[in-house]
1. At 222 nm, what helix-only mean residue ellipticity would the chain give, in deg cm²/dmol to the nearest 500, using -39500 (n - 2.57) for each DSSP H run of four or more?
2. What FRET efficiency, computed as 1/(1 + (r/R0)^6) with R0 = 41 Å and r the Cβ-Cβ distance, is obtained for GLU42 and LYS103, rounded to the nearest 0.05?
3. Got a number for carbon plus sulfur as a percent of the chain's accessible area, 1.4 Å probe?
4. Which value, in Å² and to the nearest 10, is the accessible area of HIS470 when all protein chains are kept and the probe is 1.4 Å?
5. Just check region 422-499 against the gyration tensor rule for me: Cα atoms, a ≥ b ≥ c as the square roots of the eigenvalues, rounded for a/c under 1.5, and otherwise prolate or oblate depending on whether a/b exceeds b/c.
6. Which pairs break 23 Å Cα to Cα here: LYS131/LYS205; LYS167/LYS226; LYS273/LYS297?
7. Work out from phi, with θ = phi - 60° and the Karplus expression 6.51 cos²θ - 1.76 cosθ + 1.60, the ³J(HN,Hα) of each residue of region 395-405, listed in order in whole Hz, and give x for Gly and Pro.
8. Solvent-accessible area per residue for the chain at a 1.4 Å probe radius, Å²?
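The values are calculated or read from the model by the stated rules, or taken from the named source; none is laboratory data. Treat the numbers as computed from the prediction; the structure is a model and nothing was measured. A quick note on method: Cβ atoms are made from the backbone with ideal geometry, for glycine too, and the neighbour counts reach across all protein chains shown. These accessible areas exclude ligands, DNA and RNA; they are computed on the full protein's heavy atoms, side chains included. Shrake-Rupley method; radii C 1.70, N 1.55, O 1.52, S 1.80 Å.
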Amino acid sequence: MHKLKLQEHPDLEKSYTREDWQRGYESLTQEFDYGIDDIEGEIPPELQGTLFRNGPGLLDVNGQSIHHPFDGDGMISRITFNNGRAHFRNRFVRTTGYLEEQKAGKILYRGVFGTQKPGGWLANIFNFQLKNIANTNVIYWGGKLLALWEAAVPHRLNPHTLETLGKESFNGVLSADEAFSAHPRLDPSCAQDGGAPCLVNFSIKPGLSTKITTFELNTAGEIVRKHVHSVPGFCFIHDFVITSNYCILFQNPVTFNPLPFALGMLGAGECIKFQPNQPTRIIVIPRTPQTEPQGVKILETSSGFVFHHANAFEVGDEIVIDSICYEALPEVEPASDFRQTNFEAISPGQLWRFDLNLKENTVQRELIESRCCEFPSIHPDNVGRPYRYLYIGAAHAETGNAPLQAIVKIDLKSGERQLWSAAPRGFVGEPIFVPRPNSQQEDDGWVLALVYDAAHHRSDMVILDASDFHKGAVARLHLKHHIPYGLHGNFTSEVFLAN
Ligand code: CO
């Protein structure tokens, strides 16, 4: 299907044009609330629940461009599936910074990824006040809808109205200057909680040595376990993985030179330099420290940079970890515009499997998928456990680096791949696997993804049958507008609509 489409555009050398891709980064200033009625195909009636997504909604403040999309104000998009119908709503997270900047009509804060206050270095020198932009992930857990940003506390929202309720401290367990990463993992069956599910998360306080805090939350949304660890060296860690017994974090080989940041010349994210000749350290933290006398273990493997992991599981004394690994950290160039990204000049993210032997302290790694890919998703019941199927955003072409235009299903057992592509004019966001209620097969369910359609400058909610991508989209829900490329989100089987 996608090949036919490409043949209609023989002038296209690539599967996309940069102009099409760029338009998906226009700000969305409006907040909507409507039933989706422009639908191709049929929404499966068994698909009941709510998909929450987060990402930068504003790529400028009143016309002043931000330097990197990671600096954009968080906007929640919600699609509610109920009895074969769907409803859309979006709202910005009312962070202090968002409200102040919207009122002032200009950028007031420096961004981690290089957005500077206007006025050059003089306006930015020794200004360490960053904006908690709440733009990276959104999760419904323990009756709370939380917008997450890794360098600060979460913002709590009303799941029915998406109204911002304020900062979340989990009854004061999280102090105001603490962080709560944007990548919690849901353990479907926690041994320490008698088999009940729990949410596991971490936070990082980098320095010459780095403080790593792990949190575990019960189904009531309370922090029931909190452990603090210290590891040598500076850490830049965005995501982690869990197994039944461990939290595992990859310490990417980077150095941090704070001087240009302190002097107001660069954002903190721009002062991070990748060190290709140094190893990646894999930090293995027991989830039950009292039963594990050796405590934290650090193993080493070849250099590379990891933002996201797909999953991890234990096999005897070994831990298997599947991660998206880059040859180098794509650096944020101070003078460049991210919209001018030269994809071909950057190394693609590829899926690797790491085998950790805890007895021998060795790591083996193996390339699973060489196609450029990012944003993995798996069946929620398999988090931290052996699994077979993985769904991931991917480039349309088999080789090279390019924007994500396709979704690949990988059968880790048979090696089979299935690809659904939105090329040449569609660009995909993070796919989310949603199991069919009472399903028995691991791939019995749907894959939901927002696809930016440059031909109509709007976004579609695409529903794929996870067991068979080849039959094409089950349904394509056309929104009335576009949604700027987002980051992460989660699905809950609870149906949230405004009352
Ligand atoms: Co992420």
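1. Working: 5 runs with 30 residues, N = 499.
Value at 222 nm, helices only, nearest 500: -1500 deg cm²/dmol.
2. Working: r = 45 Å, r/R0 = 1.09.
Taking R0 as 41 Å, the efficiency between GLU42 and LYS103 is 0.40.
3. Working: 10040 of 20410 Å².
For the chain, the apolar C and S fraction of the accessible surface comes to 49 percent.
4. Per-residue accessible area (HIS470): approximately 130 Å².
5. Details: a/c = 2.17, a/b = 1.33, b/c = 1.64.
Note, shape of region 422-499 comes out oblate.
6. Numbers: LYS131/LYS205 17 Å; LYS167/LYS226 19 Å; LYS273/LYS297 25 Å.
In this structure, LYS273/LYS297 lie more than 23 Å apart at Cα.
7. Whole-Hz 3J(HN,Hα) from phi for region 395-405: 6, 5, 7, 5, 10, x, 9, 7, x, 6, 10.
8. Details: 20410 Å² over 499 residues.
For the chain, the per-residue accessible area is 41 Å².
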